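The values are calculated or read from the model by the stated rules, or taken from the named source; none is laboratory data. A quick note: this is a predicted structure, and the numbers were derived from the prediction, not measured. We place every Cβ from the backbone using ideal geometry, glycine too, and count neighbours over all the protein chains shown. Only protein heavy atoms, including side chains, enter the accessible area calculation; ligands, DNA and RNA are left aside. Shrake-Rupley method; radii C 1.70, N 1.55, O 1.52, S 1.80 Å.
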Amino acid sequence: MAALPRRIIKETQRLMQEPVPGISAVPSETNARYFHVIVTGPEDSPFEGGLFKLELFLPEDYPMSAPKVRFITKIYHPNIDRLGRICLDILKDKWSPALQIRTVLLSIQALLSAPNPDDPLANDVAELWKVNESEAIRNAKEWTRRYAMDN
Amino acid sequence: MFICIPSSTKRWYIDCAVCLQKCYHPTRLPCGHVFCFLCVKGVAIQSKKCAMCRAIIPADYLDNPVLLEKIVPEQFNMDEGQDYQWYYEGRNGWWKYDERSNSELESAFNGGDPECTLLLAGALYSIDFQSMTQVRCTDQTRRRKVKRDTPLFPAKGVAGIKTRPAEIKSENETVPVISENIVDNILVLVEDVSEAGVLEPIINNDDDVIDISEQIRTIDVNDGES
């Protein structure tokens, strides 16, 4: 396997030595560019108490291009679709090489606290979130209980 | 042009936000943010925005980058045991790899690895020690020769930063095309301009984006000489 750039080694070491509260990111044993991620649902959000699995992959030209991140755990959120794809500007056109794995995952955790139905990826979810927020939040809590709380 | 700056403003000794290592050949963008020269080169070519504040990097920035340190020949190969320097072939000559890449190449080579992967200016390159070639991982046509030689071998400069010795070598006369891409109105900020042994850095950023044109030029020169 090709050697890893120093930057990736350094980021990985820091993630292990100084983990971000509520976030764990562990590189795969077979591919050091592939991370198994777990994000805990933020307090006072419909996702509280849930453990959400994600996958994160660092492309070859990282950090010049953004990591590829996807939810594996099903989640009811207007900016995350049923395939787990995330609508977040810093993963697209607002990416900067000064951002890191940890800042990306913190942004995703913040997105759970602050859903943005005006920039939707899951249209049906976003629609309900706008029309009937309390029902949308009930659904989100139910999905969290059903999909993100089993072991 | 020289501007003296007090040592208290040496903020670039913090790590570069792009490579997360000590700023190497610290280079300041118009917005004031400082990165390694090679990291600036990477973002100037790819996103064209400052990695910290997203300010647009002028299209001609790499023609006149603001280097915050002098290019001193002695700063290379100062490590004890660093008896060898790695070079990559450029137009009419060889470039030294920067110190950091050089030590990575040395440790991979001495460790018996068949190849070494380096992140240079935002792109991943693989250096094969058997064929002694460097190939861009995402574009196999971007290929150039490399070599391991004494640090004293006359080079064009370091990692695309041209260092011009005080005495102009006569070899320049036989390779007139070399002057084509030299930009000499570079702004250099140094603290002590009186120090001897300083080489004036001249940026030649075209050198990394030449492939076929380089071969053609090389052939032309060779034909002219023979």
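Looking only at residues of the stretch B:36-48 that are touching a strand residue (DSSP E or B) at 6+ places or on another chain (Cβ under 8 Å) and at the interface with chain A (Cβ under 7 Å from one of its Cβ atoms), we find that the one that is nearest to residue A:103 (Cα to Cα) is B:43. If the condition is being in contact with a Gly (Cβ under 8 Å, 6 or more places away or on another chain) and farther than 21 Å from residue A:124 by Cα, then the stretch A:64-108 contributes A:64, A:97.
Contact annotation: residue pairs with Cβ atoms under 9 Å, 6 or more positions apart or on different chains, pairing a residue in the stretch A:1-14 that is more than 9 Å from every other protein chain (Cβ to nearest Cβ) and over 13 Å from residue A:101 (Cβ atoms) with a partner that is modelled with pLDDT of 90 or more and not in a helix (DSSP H, G or I), are A:1/A:30; A:1/A:31; A:1/A:32. Each residue in the stretch A:119-151 was checked for being open to solvent by less than 50 Å² (accessible area, probe 1.4 Å), of a type in the set (Phe, Trp, Tyr) and touching a Ser or Thr at 6+ places or on another chain (Cβ under 7 Å), and 0 pass.
Comparison of A:79, A:116 shows that the only residue that is among the polar types (S, T, N, Q), open to solvent by 60 Å² or more (accessible area, probe 1.4 Å) and in contact (Cβ under 8 Å) with a residue 24 or more places away in the chain is A:116.
Condition check for residue A:109 on (1) in contact (Cβ under 8 Å) with a residue 24 or more places away in the chain; (2) closer than 29 Å to residue B:33 by Cα; (3) open to solvent by 40 Å² or more (accessible area, probe 1.4 Å); (4) away from chain B (no Cβ under 14 Å): one failure, at (3).
Of the numbered conditions (1) open to solvent by 20 Å² or more (accessible area, probe 1.4 Å); (2) without any contact (Cβ under 8 Å) to a residue 12 or more places away in the chain, residue A:96 satisfies every one except a single condition; which is it? The one condition residue A:96 does not meet is (1).
If you filter the stretch A:15-52 down to residues that are without any contact (Cβ under 8 Å) to a residue 60 or more places away in the chain and aliphatic (A, V, I, L, M), you find that the one that is farthest from the other protein chains (Cβ to nearest Cβ) is A:38.
Here is a yes/no grid of residues against (1) at pLDDT below 90; (2) surrounded by fewer than 17 Cβ atoms within 10 Å (Cβ to Cβ):
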residue	(1), (2)
B:71	yes, no
B:86	no, no
B:94	no, no
B:103	yes, yes
B:106	no, no
B:112	no, yes
B:121	yes, no
B:137	yes, yes
